[in-house]
Every structure is written in structure tokens, then in C-alpha cells.
Amino acid sequence: MTLMLGVSLAGREVLAVGGGAVSARRLRRFIDEGAIVRVVAPELHPDTAGLVRTHALSWQARRFRAADLAGVWMAHVATGDAKVDRRIVVLCERRRVLCVAAGDGSQGSARMTAQTVVGDVTLGVVSTHGADPRRTMAIRDAIGDLVANGRLPLRRNRRGGPGRVDLIGGGPGPADLMTVRARRLIAEADVIVTDRLGPAQEIVRELDPAVQVIDVGKRPGAHPVPQEQINSILVEHALEGRRVVRLKGGDPFVFGRGGEEMQACLAAGVPVEVTPGVSSAIAVPQAAGIPVTHRGTAAAVHVVNGQGGPEPSTLAAMADPTVTTIVLMGVAALPRLVAAAVRSGIPGERPMAFVENGHSALQRTTRTTLADALADAAEIGLSNPAVIVIGEVARADLLLPAPAPQRVALA
Ligand code: SAH
């Protein structure tokens, strides 16, 4: 039977009997907790000797005596001799001193936990079935992974102090393409401000119902929440002491207006941090098997917002056969882009690809060329969200050979 307690050892005396490798590791934990640690042992493990040199603990170089237990709250027994350990365990019992017998978990009145600290929460694992450090550590590590991946509800119910904003890149869609840090920050958030693209829908389904979700998703054609208003939502919630997550598709700093949101937070004195995300500019072509750079084929990438221009820099990128041009938000303005490119003399055979709904079940890739782009877009009904790739890397046979022509077997 074990009652797991959170014991505060700060300023309390802990006696360690035995100076071997086991107690060396444990002693550090007691010291970190602020305990006053005294070691009684004829000899010391080099690590413990190091702690003595830095005055983290005191050492008496001799065998244990019953009088050593005077004034002690807890004893850690690891002499290496089972008989001696047992004798000390019995003495501790008589003196009402909590006792960890390192060599035999069934002895002694206390057991160490395998523990992990996550922010202001300490999680401990203890086996009630004798000591089994490998198993408890394995369980502790598994819990640590859950924490790191944001699978535990770490949100505090009562908060004091200032809030903050985290601008988080959610990647191109699937929740498992988010970073581990993003998952953890989402698990800690009080308010999540979401967009239409990215993993928002999947994430929101998993959230604790107490988390407030504010959808400011911009739909082409529908009325978006103006950026100014999004900025104020972030700032106001944080100023009221909440942990705010601004979850965006892709990366917050790639056509995500993350920079403006960051400025708004800084101007209001709200602590703000950015967690990067996998940008669709790279990950959506990748989902279609298109590397944005490829040794010997494309040595540079030009990423552009297709709603404007096209600027001379974009036409120059498209004209250079060693550059890959990636157009985001480019569906509506595709005719303007193609017309400008043709007018500026870019060869009609320049390869292009449309990748719609990348990394989703609806993903569709269309390979074409500058000359055929508009006809093909019209034929397939090209629609948002889509990434448009222009350049030699968009060739269908770049990574795989083109399908071989059917051979007719001769009889
Ligand atoms: N910050 C985002 C980009 C926002 S702009 C990022 O780094 O990915 C929105 C544009 O991204 C869309 O118009 C489209 O061009 C592209 N996009 C985002 N997700 C996409 C997806 N899953 N499939 C295809 N295009 C996508």
C-alpha cells in the first residue's frame, strides 16, 4: 500500500546512509528540493564526493550510528549490505523517521517516485508492488511524452498574473504535422483563435469544452474578421490574464499576418511568442512529390502572394529556369499571372503544377505548362486552397521516370 504524497523537503534534514552510486543519483534530487543533506558513509562515490566539495551536502566518513537519526525527517538507506540496511530500517521505524530502502523496495516506509516536472505540475509514478524502477521510469517517460505532445489537460483553472499570446503555426492541415510545442501550448490555452485553413477543425474537436474558441476564419467571398479586430481580440484576452493561442495555417510568418499580430501584442505590452509551422509553400508541393529545390534543377525558390502584381521580381523568377516559383492565394489571379508571363516572353513549355487541398483526402495534383495552364485550370475547376508551382521541378518525371510506352509483345 502506498499513499503518494507531495512532500516538501526544503530546509528539512535528510540523512543518507551509504555513499554508493544509487545514493549519488538520489542525493541530487534531495538537494534540488532544498533539503539539508547529510551523508554517513565510510567511502563516497566520486559524484557524491563532488557534491561534498561544492558544499551541497555534508559528509561524515564513518559507519552509521543510531544517534545519526536525531532530528532527521527522512533517511535514505543504501549501504550495499542488506543486513545493515534492514537494521537501519527497523531503527527508523522506531524513531518515526520516514525511510527509503534503496536496495529493497519492500522494506522501509517510503518509496521514491519516478517523477517528471511540467511547468508547475509534478507527476510521479510509484509501484505498489515492490520496487520496479525500470517500469516506473518507462511509465513516467510515457506520461512525459503525453505532456510534451499536449495530450494532457494542463490548463489551469484559476490563473493569476498576466496572460500571453502564442502565435502558432499549425501546418498545412493534418494535426500530426504540427510541432510538439504547438500541441503543448494548445493544451495550456484558455482561448484559441482559429483560421479556416490548417488543423483548426481537428484540434477544436479534441479541446476541453471550457476552452473558448474564436473562429476568425477568412473565407474567400465571405466577410472576414478585419485584421485590426483580430489584433484586439488577442490583446484583450491576454490583458485579462488569459493564455491565448492564435492558431494559423502553415507558418505564422509566411503570408499569415503573424508579424502584425506580434506588433499589436508588443505595442500593448502583452508577452508574445511564435511557434513555427510547416508552411504550405513547401509542404503542399512536397505532398504532390514536388521538391521545391532539386540538385541540378532548381537552386532557388521564390514564394509569392498571387493576389497582387505580378511584380517584376516574380516574372524574373518565372523566367529563370533554375528558380522555382511558388504562388499562394493565386487561384483567382491566375489569368493575370499567366498573361503577364506570356507577354514577358517566358517559354510556353515552362512546367507548372496545381496542388489543391494538399495533405488532405481531397488532394489533387494537375501537371500542366504555362501555355496550357488556363485551359487546364478551367477544365478541372481549379479552386482554393491551392498552391501553384512554376518551374522545372513541376515536371511529372522529375523524381520518377515517365511511364514507359507500352511494348507490343511479338509472337
Ligand atoms: N501561412 C500559410 C499561408 C497562408 S496563405 C502557410 O505558411 O502555409 C493561404 C494560402 O496557402 C492558400 O491560398 C493556399 O495557396 C495555401 N494553402 C494553405 N494550405 C493549403 C493546403 N492544404 N493545400 C493547398 N494550399 C494551401
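Against the main long axis of the alpha-carbon atoms of the chain, helix 82-95 sits at an angle near 80°.
As a calculated quantity, the FRET efficiency between E202 and A378 at R0 = 41 Å, using C-beta atoms, amounts to about 0.80.
Restricting attention to the chain, close to 35% of DSSP beta bridges with both partner residues there are antiparallel.
Residues whose amide H lies under 5 Å from that of M74, counting only those 5 or more places away or on a different chain, are L15; hydrogens are built 1.01 Å from N in the peptide plane. Taking 4.7 Å between beta carbons as the limit, the unpaired Cys residues of the chain are C265. Amide H contacts of D132: S127, each under 5 Å away and 5 or more positions distant or on a separate chain (H built 1.01 Å from N in the peptide plane; Pro and chain starts excluded).
Peptide packing for 60-69, 193-202 was compared via the average number of neighbouring C-beta atoms within 10 Å per residue; ordered from the highest value, the list is 193-202, 60-69.
Here the Karplus curve 6.51 cos²θ - 1.76 cosθ + 1.60, taken at θ = phi - 60°, turns the phi angles of the range 111-118 into couplings of 9, 6, 9, 7, 10, 9, 10, 10 Hz, with x standing for Gly and Pro. Compared with the direct C-alpha span, the chain from D81 to R134 gains 16.9 nm at full extension, assuming 0.36 nm per residue. Put simply, the chain fits an ellipsoid with semi-axes of 62, 26, 18 Å; these come from the alpha carbon gyration tensor as the roots of five times its eigenvalues, largest first.
For the range 164-278, the pair-distance distribution built from all alpha carbon pairs, in bins 10 Å wide starting at 0, is 15, 53, 30, 2 percent. Distance from the alpha carbon centroid of the range 308-344 to that of the range 4-23 works out to 68 angstrom.
The 3J(HN,Hα) values that the Karplus relation (6.51, -1.76, 1.60; θ = phi - 60°) gives for the range 370-377 are, in residue order, 4, 5, 9, 4, 5, 5, 5, 4 Hz. Gly and Pro appear as x. Modelled label positions at R336 and A148, each set 7 Å beyond Cα in the direction of Cβ, lie 4.7 nm from each other.
Relative to the longest principal axis of the Cα atoms of the chain, the long axis of helix 227-239 lies at roughly 10 degrees. Separation of the range 44-82 from the range 161-235 is 52 Å, based on Cα centroids. Taking 15 Å as the cut-off, the amide N atoms of the range 371-386 that come nearer than this to a point 7 Å along the Cα-to-beta-carbon line of Q307 belong to 384-386. Here the sum of -39500 (n - 2.57) over DSSP H runs of 4 or more residues, divided by the residues of the chain, equals -9000 deg cm²/dmol at 222 nm, to the nearest 500.
Working ranking of peptides 1-7, 140-146, 250-256 by packing, defined as the average number of other Cβ atoms within 10 Å per residue, highest first, is 250-256, 140-146, 1-7.
Based on the Stokes-Einstein relation at 10 °C and a viscosity of 1.306 mPa s, and on the Kirkwood radius from alpha carbon pairs, the range 13-112 is assigned a translational diffusion coefficient of 122 µm²/s.
Since every read-out is calculated from the coordinates, none of them should be taken as a lab result. Not measured: the values here are computed from a predicted model. All Cβ positions, glycine included, derive from the backbone under ideal geometry; neighbour counts span all protein chains shown.
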